[in-house]
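> Take this structure first; my questions come after.
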Amino acid sequence: MTYFNVDTITYEGPKSTNPFSFKYYNPDEKIGDKTMKEHLRFSVAYWHTFTADLSDPFGTGTAQRDWDHLSEMDKAKARVEAIFEFMDKTGIEYFCFHDVDIAPEGSTLAETNHNLDIITDLIQEKMTVTGKKLLWNTANNFTHERFVHGAATSSHADVFAYAAAKVKKSLDIAKKLNAENFVFWGGREGYESLLNTDMKLELDNLARFFKMAKAYADEIGFTGQFLIEPKPKEPTSHQYDTDVATAHAFLQKYDLEDIFKFNIEANHATLAGHTFQHELRYARDNGMLGSVDANQGHPLLGWDTDEFPSDIYETTLAMYEILKNGGLTPGGLNFDAKPRRTSFEQNDLILTHIVGMDAFALGLRVAHKMIEDRFFEDIVDTKYQTFSNGIGEKIINNAISFKELEDYALNLTQIETQSDHLEVIKSRINQYILNINSED
Ligand code: XUL
Ligand code: CO
């Protein structure tokens with residue numbers, strides 16, 4: 001059975017108008033010392049792509065999928081066939097899933113685990129035949145009603161236990177399928193109101209949960225990178241992992257910093273009132289940039305719209321941070337994105353991924369050129385040049401006191417500050433993007 005009625009997607013270059021072709025993503029082309037494929041490490045998000053029906057709070061699902069009519073377990077098996085065909089045709093090497101995305105939940109935990117065993121056996125076979133790899137998996141500890149008050153931060157100890165059992169099983173799956181990372185997204189780890197919340201107890205429990213997860217991973221010999229995915233709001237009004245800085249402080253407080261890195265999602269960054277680049281930079285500067293959920297929000301909407309990335313300004317600045325980080329390995333660019341509800345055909349899954357892959361490929365090309373030219377580096381070096389000698393050098397070397405600084409300041413007659421011509425910088429970025437665009 002064939003699920004996608006298209007040929008393998010190939011690179012046709014920027015002049016092509018064929019929607020089923022890459023305009024900028026040329027997988028084996030070298031950009032610097034790595035191929036585009038090695039730089040970008042694209043991944044398919046099972047939940048949006050193969051599980052979601054595109055429903056929203058006001059309307060039912062619109063997605064037309066060949067597996068819709070099947071029973072739950074047969075549907076799960078068909079989706080495995082479909083995602084491997086999808087990865088083959090798009091040339092995407094990695095995939096990601098929550099436990100509930102790949103297999104139906106049973107009426108007991110044991111039954112759920114049994115379903116997971118059947119489906120992960122199937123996935124394992126497919127991985128062996130195709131060479132496709134699991135970027136990360138995770139446990140969905142937020143959808144079911146038992147998680148109404150959270151999971152590791154629930155007010156009910158039984159829920160904490162249930163959540164632990166689900167993460168334990170997901171770690172077993174990670175080990176079985178050689179996942180390169182394991183993700184913890186907060187889900188409902190947060191609160192609706194402080195009026196009835198013991199925030200300290202909840203955060204202490206979250207740390208206990210993470211420590212037990214790490215202990216279990218060590219016990220079974222799972223060596224994939226642990227990742228926390230920050231998000232400020234939705235579903236709870238306050239999520240504990242609000243942004244990278246907040247989650248980093250939590251990790252430092254509980255001595256968990258060496259165990260984790262961050263999985264940064266573009267639309268979560270913007271919900272937190274930051275740019276995507278800010279979150280990437282904060283993580284990179286602290287040696288904590290692990291992986292990326294590649295999507296974008298809608299500028300007019302204040303919720304997590306999970307759109308496919310198409311804004312090349314954003315992807316350029318993101319790829320700048322990723323290149324400066326030395327790449328993301330063992331992380332990657334996971335399309336935590338869904339087609340719009342109005343893009344309901346099965347082939348829209350292919351079309352949307354081409355758009356996202358091309359947007360990041362173009363961002364990679366532009367960012368690489370900028371780094372070769374030391375575009376941002378020279379701007380920043382010039383801006384901070386007073387710290388490279390004299391009084392500035394003493395400040396940087398911690399070789400001066402307030403008293404000496406006062407003596408110095410008392411002798412200053414005039415301070416010459418410089419205009420930084422920010423508008424010109426933006427215009428030059430436009431030139432970089434447009435010049436790359438017209439290169440071939
Ligand atoms: C939710 C979100 C999740 C995580 C995995 O906003 O991004 O899908 O990526 O749980
Ligand atoms: Co995500």
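Quick note: the coordinates plus some simple rules give every number you see, no bench work behind them. Owing to the predicted nature of the structure, the values given are computational and were not obtained by experimental measurement. Please note: Cβ atoms are built from the backbone with ideal geometry, for glycine as well, and neighbour counts cover all protein chains shown.
> Non-local amide H neighbours of residue 337 (under 5 Å, H modeled in plane, Pro and chain starts lacking H): which ones?
45
> What are the ³J(HN,Hα) couplings of the stretch 286-292, residue after residue, when phi is run through the Karplus curve with 6.51, -1.76, 1.60 and θ = phi - 60°? Round to Hz, x for glycine and proline.
Once θ is set to phi - 60°, the couplings for the stretch 286-292 become 9, x, 10, 7, x, 7, 9 Hz.
> Then there's this: Under the rule of at least 5 residues apart or a separate chain, name every residue whose amide H is placed under 5 Å from the amide H of residue 229.
Residues meeting the criterion, in which the H sits 1.01 Å from N, are 184, 185, 186, 263.
> A further question on this structure: Within 10 Å, at most 12 other Cβ atoms, and a DSSP state outside H, G, I, E, B define an exposed site. Report the longest part of the chain free of exposed trypsin sites (Lys or Arg not before Pro).
16-373
> Where the only charges are on Cβ atoms (+1 Lys, Arg; -1 Asp, Glu), what is the dipole of the chain about its Cα centre, to the nearest 20 debye?
320
> What ³J(HN,Hα) values, in whole Hz, does the Karplus curve 6.51 cos²θ - 1.76 cosθ + 1.60 give for the stretch 242-258 when θ = phi - 60°, with x put for Gly and Pro?
3, 8, 4, 4, 5, 5, 5, 4, 4, 4, 5, 4, 9, 6, 10, 4, 6
> Still on this structure: What does the extension gain come out to for residue 421 and residue 234, with contour length at 0.36 nm per residue minus their alpha carbon separation?
Contour length minus Cα-Cα distance gives 63.5 nm.
> Could you list which residues have their amide H under 5 Å from that of residue 11, counting only those 5 or more apart in sequence or on another chain, with H placed in the peptide plane?
22
> What FRET efficiency comes out for residue 300 versus residue 192 if R0 is 35 angstrom and r is the Cβ-Cβ distance? Round to the nearest 0.05.
After rounding, the FRET efficiency stands at 0.85.
> Any idea what angle helix 157-176 forms with the longest principal axis of the chain, computed on alpha-carbon atoms, 0 to 90 degrees, nearest 10?
90
> Here's a follow-up. Taking the 0 to 90 degree range and rounding to the nearest ten, how far is the long axis of helix 312-324 tilted relative to the main principal axis of the chain, both from C-alpha atoms?
Roughly 80 degrees, rounded to the nearest 10.
> Separate question: Rounded to the nearest 0.05, what FRET efficiency do residue 411 and residue 381 have when you use their Cβ-Cβ distance and R0 = 35 Å?
Calculated value: 0.85.
> If you take every DSSP beta bridge whose two residues both sit in the chain, what share of them, in percent to the nearest 5, is antiparallel?
20
> Further question: Given a Förster distance of 60 Å, report the FRET efficiency between residue 29 and residue 389 from their Cβ-Cβ distance, rounded to the nearest 0.05.
Approximately 0.90, to the nearest 0.05.
> Where in the stretch 118-150 does the amide nitrogen come within less than 18 Å of the point 7 Å from the Cα of residue 77, taken along Cα to Cβ?
Answer for this model: 118-127.
> Now a separate question. Scan the stretch 38-104 for chymotrypsin sites (Phe, Trp or Tyr not before Pro) in coil per DSSP, keeping those whose Cβ has at most 12 other Cβ atoms within 10 Å, and list them by number.
In loop regions of the stretch 38-104 (DSSP not H, G, I, E or B), the sparsely surrounded chymotrypsin sites (Phe, Trp or Tyr not before Pro) are 58.
> For the stretch 220-231, in order, what is each residue's ³J(HN,Hα) by Karplus, 6.51 cos²θ - 1.76 cosθ + 1.60 with θ = phi - 60°, in whole Hz (x at glycine and Pro)?
8, x, 7, 10, x, 6, 7, 10, 9, 10, x, 7
> Rounded to the nearest 20 debye, what is the charge dipole size of the stretch 343-405 about its Cα centre when +1 sits on each Lys and Arg Cβ and -1 on each Asp and Glu Cβ?
Computed about the Cα centre, the dipole is about 360 debye.
> Here's something else I'd like to know. How many angstrom separate the Cα center of the stretch 74-150 from the Cα center of the stretch 167-199?
16
> Between residue 156 and residue 66, 0.36 nm times their residue separation minus their Cα-Cα distance comes to what?
28.4 nm
> If you don't mind, there's one more thing I want to ask. Under the rule a/c < 1.5 gives rounded, and otherwise a/b versus b/c splits prolate from oblate, where does the chain land using the Cα gyration tensor?
Note, shape of the chain comes out oblate.
> Taking the dipole about the Cα centre of the stretch 168-217, with the C-beta of Lys and Arg at +1 and of Asp and Glu at -1, give me whichever of 209, 170, 199 is farthest to the positive side.
With unit charges placed on the Cβ atoms, the residue in question is 170.
> For residue 343 paired with residue 400, estimate the spin-label separation in nm (one decimal), with each label point 7 Å from Cα along the Cα-to-Cβ line.
5.3
> Of all chymotrypsin sites (Phe, Trp or Tyr not before Pro) in the stretch 248-340, which ones are in loop regions per DSSP and have a Cβ with at most 16 other Cβ atoms within 10 Å?
254, 303
> Would you list, by chain and number, the lysines whose Cα falls below 16 Å from the Cα of residue 77, excluding same-chain residues fewer than 8 positions away?
Answer for residue 77, where 16 Å is the Cα cut-off: 126, listed by chain and number.
> I've got another one for you. Select from the stretch 304-387 those GluC sites (Glu not before Pro) which occupy a DSSP coil region and have at most 14 other Cβ atoms within 10 Å, ordered by residue number.
Counting only loop positions with at most 14 other Cβ atoms within 10 Å, the GluC sites (Glu not before Pro) in the stretch 304-387 are 345.
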